[in-house]
1. Does at least one position in region 259-272 carry a residue that is in contact with a Cys (Cβ under 8 Å, 6 or more places away or on another chain) and at pLDDT below 90?
2. Take region 172-191 and flag every residue that is modelled with pLDDT of 95 or more and loosely packed, with under 13 Cβ neighbours inside 10 Å.
3. Any residue in region 313-341 that is more than 16 Å from Cys290 (Cα to Cα) and among the hydrophobic types (A, V, I, L, M, F, W, C) sitting within a Cβ distance under 6 Å of a residue that is open to solvent by 40 Å² or more (accessible area, probe 1.4 Å) and in a loop (DSSP other than H, G, I, E, B)? List the pairs, counting only those 6 or more apart or interchain.
Amino acid sequence: MKRFGLRVTGFGVALTALAVLLLPPAASLYYEASGGQSCAKCHEIEPIYETWRASSHRNVPCRSCHGDALTFDASFHVNNLKRVTSHLKGDVPEQVRMRGMDVARIVERCGNCHRQELADWQAGPHSATFSRIFLNQEHNHKRLLMDDCLRCHGAFFEGGIRDLVTPLDTKGPWRLLPRNWANLPAIPCTACHQMHREGMPLQRRAEGVPAVREELHRPSLALFDRREMHHMAGLPLPVMRVGGRAVRMSPDQRQGLCYQCHAPLASMEVGTGDDRTGIGVHEGISCLACHLKHGQQVRASCAGCHPRLSNCGIDVEKMDTTFKDPKSPHNVHFVKCVDCHTKGVPKKREAPAEPVAPPRQISSLGVR
């Protein structure tokens with residue numbers, strides 16, 4: 001009986017081990033059988049599933065961004081199997097939220113569909129890493145790091161500035177406390193895009209159909225607020241002032257997102273804080289008329305208007321502004337004609353008159 005008992009016990013252990021091994025693929029198959037609806041019916045993911053189903057990403061399977069039950073990535077500390085196990089034990093949070101490491105992993109997956117956008121972002125300043133932002137000696141010697149820095153540079157970091165950098169002074173040397181965050185992006189895609197925001201999927205342009213000149217207002221455009229742990233959409237444009245008068249603003253609503261980080265002081269005066277509202281020759285022009293999409297490159301933007309619309313007819317890229325030389329006293333955002341034309345602004349050039357055909361002559365032979 002003991003032998004038989006041992007055999008039964010061994011069989012039971014083997015059966016348990018087999019069940020454990022089959023659990024991950026079974027969970028994945030259970031989920032994939034209905035595109036995620038099976039899981040959503042019986043656990044805490046249902047509210048998130050409902051927002052995804054109404055979003056512009058509704059045609060993208062959940063596993064394309066979040067992986068499946070077998071997804072494991074040691075470098076990002078992502079272990080979906082552990083989450084499945086926690087769920088089966090009943091250890092579930094009140095609200096399901098993505099961790100900072102999850103966000104960093106998803107950014108890589110964004111490139112599976114948005115290759116050009118990801119490449120532009122990687123080549124631009126918004127792809128700066130935590131180490132580049134928070135270990136910047138020039139900045140840290142002048143200004144003390146504080147929690148509000150994380151509002152724009154580190155919205156998904158789980159903790160305060162004391163949990164990220166030490167020491168908090170202007171002497172240094174500074175180091176990151178969680179070393180695995182050093183090379184992660186401080187401003188990931190999800191800082192400005194809400195993946196589950198309600199909207200229609202963007203249709204691919206049919207072959208042979210010319211692209212529109214104006215950028216589309218992406219349905220996902222929204223700012224992630226780390227205080228509320230929620231994306232804020234439909235952000236209004238501020239009323240900016242200079243010398244007591246209201247500045248003429250472009251109606252481009254996408255700028256509402258830019259102003260959340262590139263913000264003026266409470267006085268709303270142009271040029272205060274981190275504001276770069278255009279005045280002078282650039283008043284009324286949208287931020288995105290010059291700063292191109294995700295990469296924020298500006299080197300190719302001047303040719304869109306100049307010299308065709310320039311009163312001087314001069315190559316503006318060679319003018320004495322911060323566009324040509326960052327040390328120039330003429331900030332390209334605020335430059336005025338009188339800054340260079342100190343003796344008076346030239347009169348606006350008149351467009352050349354179109355040639356007029358000579359009048360027709362009538363003779364006895366008819367029209368010549």
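The values are calculated or read from the model by the stated rules, or taken from the named source; none is laboratory data. For clarity, every value in this text was computed on a predicted model and none was experimentally measured. As a convention, Cβ positions derive from the backbone with ideal geometry for all residues, glycine included, and neighbour counts pool all protein chains shown. All accessible areas refer to the heavy atoms of the entire protein, side chains included, with ligands and DNA or RNA removed. Shrake-Rupley method; radii C 1.70, N 1.55, O 1.52, S 1.80 Å.
1. no
2. Pro173, Leu177
3. Once the first residue is more than 16 Å from Cys290 (Cα to Cα) and among the hydrophobic types (A, V, I, L, M, F, W, C) and sits in region 313-341, its partners that are open to solvent by 40 Å² or more (accessible area, probe 1.4 Å) and in a loop (DSSP other than H, G, I, E, B) give Cys337/Val345.
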